[in-house]
1. Which of the peptides 43-52, 13-22 is most tightly packed, and how do the rest follow, judged by the mean count of other Cβ atoms within 10 Å per residue?
2. In deg cm²/dmol, rounded to 500, what helix-only [θ] at 222 nm does the chain give when every DSSP H run of at least 4 residues adds -39500 (n - 2.57) and the total is split over its residues?
3. Taking a 24 Å limit on the Cα-Cα distance, which of the listed pairs Lys18/Lys111; Lys2/Lys130; Lys58/Lys134 fall beyond it?
4. Using r as the Cβ-Cβ distance of Asn59 and Lys111, and R0 as 35 Å, what FRET efficiency do you calculate, to the nearest 0.05?
Amino acid sequence: MKPETIHLCILSHPANLKDVRRVMIDITAKVGMSKEEAGSIILAVDEACSNIIEHSYKNDYTQKIDLTIKLETQFLTIAIIDEGIRFDINSIETRDINEIRPGGLGIYIIKQVMDTVEYSRTPEGKNIIKMIKKLTT
């Protein structure tokens with residue numbers, strides 16, 4: 001498989017998540033993932049972007065979300081960048097997944113699906129979530 005990098009920039013409106021999902025469908029199909037595994041990765045990326053819209057940008061639909069998707073022989077790496085409110089992964093309290101109520105499982109889902117999840121903030125004030133999935137060959 002030839003390494004490939006895709007850049008996508010969307011405005012922070014939930015309607016634009018369909019474009020992110022479409023790109024992720026194409027990428028996961030390209031590497032021959034099962035529908036179940038592809039669906040999980042698409043859900044994780046969708047959750048990360050949804051969290052940015054809701055929590056980092058406080059539903060301000062005029063902001064930008066930049067995605068860089070790198071497809072390599074053994075890894076799929078997705079880096080998502082926003083310029084919203086600082087995110088501290090340690091401040092998130094996980095809840096019981098058996099509790100029946102909407103919301104609050106995005107971080108849990110992302111960590112369960114991806115092999116590596118890293119959060120950082122640049123000196124310029126940008127949040128970066130980097131998610132890596134090891135590809136089986």
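Only the coordinates and a few stated rules stand behind these numbers; no lab work does. What you see is a predicted model, and the numbers here were worked out from it, not measured in a lab. When we count neighbours, we look across all protein chains shown, and the Cβ atoms used for this are built from the backbone with ideal geometry, even at glycine.
1. 43-52, 13-22
2. -9000 deg cm²/dmol
3. In this structure, Lys58/Lys134 exceed 24 Å between Cα atoms.
4. My answer for the efficiency is 0.90.
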